[in-house]
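Following: one structure in structure tokens, then a few remarks.
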Amino acid sequence: MKKKALIFGVTGQDGSYLSKLLLKKGYEVHGVKRRSSTINTYRIDDIYNDPLLKKNKFFLHYGDVTDSLSVNNIIEKIRPNEIYNLAAQSYVAVSFEIPEYTSNADALGTLRILEAITKIDKNIKFYQAGSSEMFGKVNEIPQTEKTSFYPRSPYGVSKLYSHWITINYRESYNLFACNGILFNHESPFRGETFVTKKVVKGLFNIKQKKQKKLFVGNIYSKRDWGHAKDYVEAMWKMLQQKKPDDYVICTGKQYSIKYFINLTAKKLGIKIKWKGIGINEKAYDQDNKCIIECKKKYFRPTEVDTLVGSYAKAQRILKWSPTHDINSLVDDMIDYEYSNLR
Ligand code: NDP
Ligand code: GDR
């Protein structure tokens, strides 16, 4: 019989890639989307427009992980084999502005789904979208499944609650529940406020003379960036194992934001030169025009300075390893901007 998957957070970057992956694997896919006054399905519109992908296999339901009734009703109605909890207020900087809502969605949202599973059907497998932000002020380099946590934002703290409540329900009720501890992963469909998309789109627009300047924050933090396409494959693999477990998913390589900016500029054929220090550091183009500035408002009250993981366990058990590096990631993101232009 066809397997059924239920994805909370289907309209997000990962939700869209995961939907396509599962549809290609023959699943019936159900997604939960929030009611919104504007259309928020642009990332999954191509599923609707592709009759082969959509045909009787892709369904959307209104719901919200802050609303127990909708969580329970949808799970009861669909009775999926697998649930992927990707729903979150996922922007770290915003979690400092709306910490209570962030905790409600990112921490208690997970509890609501787990509780529904225990009441409705304990055989439903569960994937929780954990984050390298839980490592925060890192205690070890590289970070592994055994590294202790030190979150640095309401977002990181909420994800840590979700991590432990998932383990607790696994141990208490014998659920097949897995935590992915995913490092930053990007794609052409990354939200526009995250630094990679902001840089690629911003520099692309500057090149097209549609934008004069790009404003960023701390360009010296370092991230381990992968491609979302690779990472959703790892989520699925976790739920196909004999035993539930937790896995770090990353590339094992880290780069600074400044490196990412320089690489993107080079690929776009923009020559840049940095001048000044600290908040006054600015980038100038070949005509000595300032095109990038740092702005205080993009700095966070507490920063995660450096993240780099080891995917040795995922490679050993899931037979997973990344197929993209930073070069192919940036190429993919730039190609998308060109295709939009066309
Ligand atoms: P996005 O921000 O692109 O997507 C988040 C999704 O969650 C959207 O569909 C959003 O809906 C939905 N959502 C937000 N709040 C609620 C709510 N209260 N109820 C139901 N749905 C809600 O994130 P990504 O796709 O990048 O990430 C997916 C998950 O993985 C998130 O949980 C994120 O925290 C986590 N993660 C992401 C990493 C990354 O680098 N991308 C790394 C590690 C973890 P809407 O479209 O309406 O806003
Ligand atoms: P992050 O991603 O916080 O790691 O969380 P983001 O792209 O927002 O920031 C990465 C680093 O870049 C620095 N930075 C800027 N960030 C943004 N957004 N905008 C800027 O202008 C800017 N300038 C510099 C940040 O300070 C930070 O150090 C992402 C999210 O997807 C989380 O949901 C996920 O859990 C983690 O990745 C792993």
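Restricting the trypsin sites (Lys or Arg not before Pro) of the range 156-214 to loop positions (DSSP other than H, G, I, E, B) with no more than 15 neighbouring Cβ atoms within 10 Å leaves Lys209, Lys210, Lys212, Lys213.
The Cα-based radius of gyration and maximum Cα-Cα distance (Dmax) for the range 130-252 are 17.2, 58 Å. Taking amide H atoms as placed 1.01 Å from N in the peptide plane, the amide H of Ser131 lies under 5 Å from those of Leu182, each 5 or more residues away in sequence or on another chain. Accessible surface comparison of Trp320, Trp236, probe 1.4 Å, protein chains only, largest first: the order is Trp236, Trp320. Put simply, the amide H of His324, placed in the peptide plane, has neighbours under 5 Å in His227, leaving out anything fewer than 5 places away on its chain. Relative contact order of the range 268-342: 15 percent, from C-alpha pairs under 8 Å at least 6 residues apart in sequence. What a 1.4 Å probe finds exposed on the range 1-71 is 54% carbon and sulfur by accessible area, rounded to a whole percent.
Scalar couplings 3J(HN,Hα) for the range 278-283, obtained by applying the Karplus form with A = 6.51, B = -1.76, C = 1.60 to θ = phi - 60°, are x, 4, 8, 6, 9, 10 Hz; x denotes Gly and Pro. Summary value for the chain: 17 percent relative contact order, contacts being C-alpha pairs under 8 angstrom separated by 6+ residues. Scaling the Cα radius of gyration of the chain by the globular reference 2.2 N^0.38 Å produces a ratio of 1.00. Taking 0.36 nm per residue of sequence separation and removing the Cα-Cα distance, the Ser256/Glu192 pair yields an extension gain of 21.2 nm. Dimensions of the range 1-134 along the principal axes, based on C-alpha atoms and rounded to the nearest Å, stand at 42, 33, 30, largest first. For the range 181-273, the set of GluC sites (Glu not before Pro) satisfying both a DSSP loop assignment and a count of at most 14 other C-beta atoms within 10 Å is given as Glu192. Among the protein heavy atoms, those of Ile74 account for about 20 Å² of accessible surface (1.4 Å probe, every chain in place).
Amide H contacts of Ile292 (H built 1.01 Å from N, in plane; Pro and chain starts excluded): Leu214, Ala283 sit under 5 Å, all sequence-distant by 5 or more or on other chains. Using only the C-alpha atoms, the convex hull of the range 169-326 corresponds to 127 Å³ per residue. For the range 291-342, the Kirkwood estimate of the hydrodynamic radius, built from every pair of different alpha carbons, is 15.2 Å.
The values are calculated or read from the model by the stated rules, or taken from the named source; none is laboratory data. Only a predicted model underlies this, so the values are computations on that prediction, with no experimental measurement involved. Note: ideal-geometry Cβ built from the backbone for every residue, glycine included; neighbour counts use all protein chains shown. Heavy atoms of the whole protein, side chains included, go into the accessibility calculation; ligands, DNA and RNA do not. Shrake-Rupley method; radii C 1.70, N 1.55, O 1.52, S 1.80 Å.
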